[in-house]
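Comments concern the structure below.
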Amino acid sequence: MLVFEVKSEFPFFSLPNHPVYLDSAATTQKPRVLIDAYSRLLCQGVANVHRSAYRLANQWTDAFEQARQTVADFLGANASSMVWTRGTTESINLVARCFVEPMLKPGDRIAVSLLEHHANLVPWQQVCQRTGAELVFLPLNVEHQLDVSKLDEFFSTPVRFVAVTAMSNALGIVNDIPAIVAAAHRHQAKVLVDAAQYVAHQPIHVRAWDCDFLAFSAHKLYGPTGLGVLYGKPQLLASMLPWLTGGEMVTSVQQFSAEFQQAPLKFEAGTPAFIEAVAFAEVLRWLGTLDRQAFHAQEQKLLQMLDKGLDDIRHVHRLIKVGERAAISSFVVEAWHASDVASLLNERNIALRAGQLCAMPLLARLQQPALLRVSLGLYSDENDINALLNTLNDLSASTKSTAQVNDNPISLMQQARSWEQKNRVLMQLGKQWSLPVPVPHHDSNQVQGCDSSTWLVGQYQQQQWTFAIDSEARIIRGIGALLSTLVNDKSSQQILAMDLAAELNQLGLTAHLSASRNNGVRAIIERIRQQVAAEVS
């Protein structure tokens, strides 16, 4: 199949007014082969696997185990090394609990990198807290790439286990996994590779990499959600006790004890996602018919086009400009919070990721509160890139507003008829609204639960309240202007009698804000009510 033909294999892109989808690192759109497989499998009848002896059950068990073999072939491994899980996160936690934690003693070291997704960081933090082990970080160079030249020096102080991503979900940096694994093995450390991002972009051969464990999720490889894969070297899986226990992972159960199956079945307690697994195998077979080298070349061409276009736009700054990357370009817009830019792009029907990208320690290193991330898939094309670049070029013009911020913000919102107009009013308020009182950016003033850092101060004088709300994000700052207008110069009793969420809903905000932004607004309202209630009591 030719590169330009593949988009037609994804029904999503035939929908009217579908967004320009540039968020494939979060999840991929689904090909027709997956949708057809689901429909066919469900229509032909289902039966649970590895249980009953009737024909339909045997057919499903055979298909389920053939799917395991298909995944094994995809990775260049044996089927006995493949464990079905719910996703990358569960796979990593399984290794953390069942292999790494039992072998640790206080003072042992686990190595990760600052490039990791939280799913490959937090489990190791927890293991260290439970065991007294030490979490250490692999060396990065000034370009935030893993510095392979310093690995032998790093491993000269013993490390028991290494967990490292093959490709950064935040920056697209591709790590030299064979070199990392070889260095770790020279110093007797075992290695887990998080391949959640990498797997959709380049072939993986676990024997060539020689990694001890590898994890990925089906939904990032054009497959279903709720399904993941853990590869483990057979001798290591055999040495591990199961994490989850229950039905079908046992060979016998007595009143006070049980005996477990061999790997991989001993790690698959309960009913597995067998329909998803069989459907995913269809996707892998379909992917096997494609010229993945040609698609990789197309992806790199699009990435270069995107990078050049971003570099040509004033006030746009890319985070990574050297080294090997795949499918991802992350950037910031000067003087804009990433969430605000994403909101404006959403007005133009462009979907990309904005925020901390489940990589807070990395963003702290980058000294950025949030990033905008473009991520490509098989179906991405030049039209998608041009749509994004044209919109970013128009960014300043698209935010012009005739609203005067000395007008009543509530009136301005009521006059704005469409969401696009309301969004522009919020952006203008966020840019120019004068806070009624100073808002120091202290931890004590920070509102927890917002997707961008937000602070609130309330002053109570002469039986009346004055609230001021500040935020890194202009839209939240604009909503803060609305809330302060609603509650300022009112008594405690008046404020407690108000339904502030309903007031914002009447202004047409709630339905258009993202779930995370609505959660943040609710957190601000709750903080106001808590301060007022504390004064009353």
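Please treat every number below as a calculation from the coordinates, not as lab data. Keep in mind it's a predicted model, so treat the numbers as computed, not measured. We place every Cβ from the backbone using ideal geometry, glycine too, and count neighbours over all the protein chains shown.
Could you work out the relative contact order of the range 266-336? I mean the mean sequence separation of Cα pairs under 8 Å and 6+ apart, divided by the number of residues, in percent. Could you put the intermediate results ahead of the total?
Numbers: 36 pairs, mean separation 16.0, N = 71.
RCO, the range 266-336: 23 percent.
Which whole-number percent gives the relative contact order of the chain, counting Cα pairs below 8 Å spaced six or more residues apart? Don't jump to the answer; show the numbers that get you there.
Numbers: 941 pairs, mean separation 77.5, N = 537.
Answer for the chain is 14 percent.
Could you work out how far helix 474-487 tilts from the main Cα principal axis of the chain, as a 0 to 90 degree angle to the nearest 10?
50
First select every other residue whose beta carbon is under 12 angstrom from the beta carbon of residue 242; then total the charges, Lys and Arg +1, Asp and Glu -1. Could you put the intermediate results ahead of the total?
Working: positive: 97, 266; negative: 248, 259, 268.
Residues near residue 242 contribute -1 overall.
Suppose only helical runs count, i.e. DSSP H with n ≥ 4. What mean residue ellipticity at 222 nm does that imply for the chain under -39500 (n - 2.57) per run, divided by all residues and rounded to the nearest 500 deg cm²/dmol? Present the calculation step by step, with values, prior to reporting the outcome.
Working: 20 runs with 213 residues, N = 537.
For the chain, the value works out to -12000 deg cm²/dmol.
Provide 373, 285, 186 in ascending order of the number of other Cβ atoms located within 10 Å of each residue's Cβ, fewest first. Intermediate values should be presented prior to the final figure.
On the way: 373 26, 285 15, 186 11.
Going from least to most buried by this count: 186, 285, 373.
The range 411-511: which trypsin sites (Lys or Arg not before Pro) are DSSP loop and have at most 13 other beta-carbon atoms within 10 angstrom? Please list the in-between numbers first.
Values: sites: 417, 422, 424, 431, 474, 477, 490; in loops: 417, 490.
Counting only loop positions with at most 13 other Cβ atoms within 10 Å, the trypsin sites (Lys or Arg not before Pro) in the range 411-511 are 417.
To the nearest Å, what is the center-to-center distance of the range 72-136 and the range 193-236, using C-alpha atoms only?
13
Work out, in µm²/s and without decimals, the Stokes-Einstein translational diffusion coefficient of the chain at 37 °C, 0.692 mPa s, Rh from Kirkwood over C-alpha pairs. Could the numbers behind the result be given before it?
Numbers: Rh = 25.9 Å.
It comes out at roughly 127 µm²/s.
Using alpha-carbon positions, what is the distance between the centroids of the range 147-178 and the range 432-507, in Å?
After rounding, the separation between the Cα centres reads 45 Å.
Exposure proxy check: 266, 190 ranked by fewest other beta carbons within 10 Å? If you can, show how the numbers build up before the last one.
Details: 266 24, 190 21.
Going from least to most buried by this count: 190, 266.
Of 222, 21, how do they rank once you tally other Cβ atoms within 10 Å and put the fewest first? Walk me through the intermediate numbers first.
On the way: 222 25, 21 21.
Ranked by crowding around the Cβ, least crowded first: 21, 222.
So, with +1 on the Cβ of K and R and -1 on the Cβ of D and E, and no other charges, what is the size of the charge dipole of the chain about its Cα centre, to the nearest 20 debye?
Numbers: 44 positive and 49 negative charges, 72 e Å.
It comes to approximately 340 debye.
So what is the relative contact order for the range 1-148, in percent, with contacts set as C-alpha pairs under 8 Å and at least six apart? Present the calculation step by step, with values, prior to reporting the outcome.
Working: 114 pairs, mean separation 18.2, N = 148.
Once divided by the residue count of the range 1-148, the mean separation gives 12 percent.
Pairing the Cα long axis of helix 338-347 with the longest principal axis of the chain, what angle in degrees results, from 0 to 90 and rounded to the nearest 10?
The two axes meet at around 90 degrees.
Can you work out the Karplus-derived ³J(HN,Hα) for every residue in the range 170-180? Use 6.51 cos²θ - 1.76 cosθ + 1.60 with θ = phi - 60°, whole Hz, and x for glycine or proline.
Ordered by residue, 3J(HN,Hα) equals 8, 10, x, 4, 9, 8, 7, 4, x, 5, 5 Hz.
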